[in-house]
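Trainee: Can you keep this structure in mind? I'll have questions shortly.
The values are calculated or read from the model by the stated rules, or taken from the named source; none is laboratory data. Owing to the predicted nature of the structure, the values given are computational and were not obtained by experimental measurement. So basically every Cβ, Gly included, is an ideal-geometry build from the backbone, and we count neighbours across all protein chains shown. SASA here: full protein model, heavy atoms, side chains in, ligands and nucleic acids out. Shrake-Rupley method; radii C 1.70, N 1.55, O 1.52, S 1.80 Å.
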Amino acid sequence: MLTIKGPSSRYCDGRNRRSFLKIGGLSFGMGGFSLADLYRAEASSPSPRSHKSVINIFLAGGPPHQDMWDIKTEAPSEVRGEFQPINTNVPGIQICEVFPKLAALMDKSAVIRSVVGCRGGHDGMQCFTGWEGNSLKNLGGRPSIGAAAARLFGPVDPSVPPFVGLAAPTRHVPWSDSGQAGFLGSAYSPFKPDGPGMQNMTLKGISFDRLQDRRRLLNELDTMRRDIDISGAMEGMDAFGQRALDVLTSSKLVDALDLSKEDPKIVARYGDGKPYNYQYDGAPTCNDQLLVARRLVEAGVRVVSLSYGRWDSHGQNFDLVRDHGGKLDQCLSALVNDLDERGMLDDVAIAVWGEFGRTPKINANAGRDHWTKVSCAWLAGGGLKTGQAIGATNRMGEEAVERPVDMQEVVATLYHTLGIDTHSTTIADPTGRPQFLVDSDPIAELIA
């Protein structure tokens with residue numbers, strides 16, 4: 001590992017530290033794997049294919065299906081709630097009044113009103129893998145979509161990780177999960193910009209007295225390379241270590257994460273989601289994370305996952321949905337339009353969903369409690385057949401009565417948009433046994 005030292009400075013935590021830049025020590029996940037470790041693992045993957053991406057947006061806590069995409073106007077008042085349906089730009093499809101911008105994009109979207117198979121865990125395991133948490137737990141657990149894509153395809157660009165997790169840290173720790181690597185191991189965990197490895201990526205934006213610009217930094221690195229060669233150490237570095245050194249001379253990932261480089265009008269279109277209301281032990285409503293996600297897939301990331309808001313509405317359900325829903329309407333519609341305007345929408349699938357639904361009956365605190373019998377999801381892009389609503393629940397919103405869609409089917413559909421055939425694709429577990437990614441087929445109604 002190489003370190004470039006700079007002047008002493010004071011950070012926001014009040015401590016004095018010496019600025020430093022570690023080369024080759026970028027951490028992934030909780031395993032502390034270096035870039036070199038990651039690239040060794042990726043060497044066994046097939047060559048990268050065409051660049052398809054998934055943005056998986058987890059609505060942590062369980063969004064209320066009957067207050068979002070499945071308004072129940074004919075239900076009694078103790079079930080119906082406060083919201084009215086509004087027409088979308090697709091005749092016959094209505095959604096909640098707090099989503100007017102998404103209603104105008106229904107032709108580019110698909111809502112699933114009959115998601116089943118929720119196991120009830122207050123985490124994103126099923127949304128990220130399709131499996132419940134105990135599946136293959138003795139081997140490390142099932143890999144998430146991002147980890148599997150990283151294993152199967154490797155990076156699109158050598159300087160950009162294939163899997164990035166933007167989920168903010170939360171007091172309820174499972175909601176800060178961006179998707180686990182499972183039995184694939186830490187080398188396939190998501191890169192987390194707010195994790196310990198981010199400082200190692202900041203090649204630009206740090207002012208060193210002796211490194212005033214990027215050209216001088218590259219010159220310093222070239223000098224280091226020569227010094228290493230003279231000492232004979234370079235001969236001891238394998239190709240993966242050299243590649244790890246090379247990636248840190250590129251600012252492509254750092255630039256993608258830097259919204260100051262984005263058109264201010266585009267930034268304003270997404271908004272920032274502030275103030276962060278009803279957050280408690282969950283994630284903030286970071287609208288700008290959706291813009292970062294677009295910039296990341298544009299830079300070459302295959303899968304971006306994030307956790308948006310806290311939807312565990314045991315109380316004040318309707319106030320929460322007005323707040324979270326209105327903000328989600330702004331940033332999600334901005335993302336769809338942004339991708340469409342850039343000609344990327346057919347190559348980027350977007351999924352928005354949570355771990356389960358909420359009770360039909362409103363409780364004494366104007367809230368809804370956990371309900372695992374049925375849930376909802378919203379999809380866009382990825383070359384899917386959009387402009388439709390799939391499935392239906394009964395009059396009370398209690399259970400699916402038309403076209404139940406298992407959570408695994410949603411995950412299989414996301415794999416399909418990445419170009420992965422879930423019928424034939426397997427990944428070997430640590431025992432050498434081939435494991436299918438999911439047990440279900442993609443959603444037939446969405447596939448061309």
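Trainee: Considering the stretch 262-300 alone, what residues qualify as being surrounded by fewer than 22 Cβ atoms within 10 Å (Cβ to Cβ), over 15 Å from Ala168 (Cα atoms) and under 18 Å from the mean Cα position of the chain (by Cα)?
Mentor: Those that are surrounded by fewer than 22 Cβ atoms within 10 Å (Cβ to Cβ), over 15 Å from Ala168 (Cα atoms) and under 18 Å from the mean Cα position of the chain (by Cα): Arg295, Glu298, Ala299, Gly300.
Trainee: Let me spell it out: the conditions are (1) at pLDDT 85 or above; (2) more than 25 Å from Asp439 (Cα to Cα); (3) outside any loop (DSSP other than H, G, I, E, B); (4) among the aliphatic types (A, V, I, L, M), and Ala168 meets all of them except one. Which number is the exception?
Mentor: Of the numbered conditions (1) at pLDDT 85 or above; (2) more than 25 Å from Asp439 (Cα to Cα); (3) outside any loop (DSSP other than H, G, I, E, B); (4) among the aliphatic types (A, V, I, L, M), the odd one out for Ala168 is (3).
Trainee: Across the stretch 272-302, which residue is nearest to Phe163 (Cα to Cα) among those that are part of a loop (DSSP other than H, G, I, E, B) and hydrophobic (A, V, I, L, M, F, W, C)?
Mentor: Val301
Trainee: Then there's this: Given the condition assigned to a helix (DSSP H, G or I), of a type in the set (A, V, I, L, M, F, W, C) and open to solvent by 10 Å² or more (accessible area, probe 1.4 Å), answer yes or no: does some residue in the stretch 360-373 qualify?
Mentor: No; the residues of the stretch 360-373 include none that is assigned to a helix (DSSP H, G or I), of a type in the set (A, V, I, L, M, F, W, C) and open to solvent by 10 Å² or more (accessible area, probe 1.4 Å).
Trainee: Out of all the residues in the stretch 171-199, which are outside any helix (DSSP H, G or I), touching a helix residue (DSSP H, G or I) at 6+ places or on another chain (Cβ under 9 Å) and open to solvent by 20 Å² or more (accessible area, probe 1.4 Å)?
Mentor: Correct list: Asp177, Gln180, Gly185, Lys192, Pro193.
Trainee: Another one. Determine which member of the set Gly382, Gly343 is within 27 Å of Val303 (Cα to Cα), surrounded by fewer than 23 Cβ atoms within 10 Å (Cβ to Cβ) and either under 17 Å from the mean Cα position of the chain (by Cα) or free of Cβ contacts under 8 Å to residues at least 12 places away in the same chain (or both). Reasoning before the result, please.
Mentor: Values: Gly382 fails: surrounded by fewer than 23 Cβ atoms within 10 Å (Cβ to Cβ).
Sole residue among the options that is within 27 Å of Val303 (Cα to Cα), surrounded by fewer than 23 Cβ atoms within 10 Å (Cβ to Cβ) and either under 17 Å from the mean Cα position of the chain (by Cα) or free of Cβ contacts under 8 Å to residues at least 12 places away in the same chain (or both): Gly343.
Trainee: Residue by residue through the stretch 75-119, note down the ones that are within 23 Å of the chain's Cα centre (by Cα) and aromatic (Phe, Trp, Tyr).
Mentor: Result: Phe99, single match.
Trainee: Moving on to the next point. For residues in the stretch 146-165 being in a helix (DSSP H, G or I) and not hydrophobic (A, V, I, L, M, F, W, C), which is surrounded by the most Cβ atoms within 10 Å (Cβ to Cβ)?
Mentor: Our first condition is that a residue be in a helix (DSSP H, G or I); within the stretch 146-165, this holds for 146-153.
Narrowing the set further to residues that are not hydrophobic (A, V, I, L, M, F, W, C) leaves 146, 151.
On the way: Gly146: 31, Arg151: 23.
Ranking the qualifying residues of the stretch 146-165, first place goes to Gly146.
Trainee: At positive phi and at pLDDT 95 or above: which single residue out of Gly309, Gly354, Gly367 fits that description? Break it down into steps so the answer makes sense when it comes.
Mentor: Values: Gly354 fails: at positive phi; Gly367 fails: at positive phi.
So the residue among Gly309, Gly354, Gly367 that is at positive phi and at pLDDT 95 or above is Gly309.
Trainee: Filtering the stretch 236-261 down to residues that are open to solvent by less than 20 Å² (accessible area, probe 1.4 Å) and assigned to a loop (DSSP other than H, G, I, E, B), which residue is modelled with the lowest pLDDT?
Mentor: Here the residue is Leu248.
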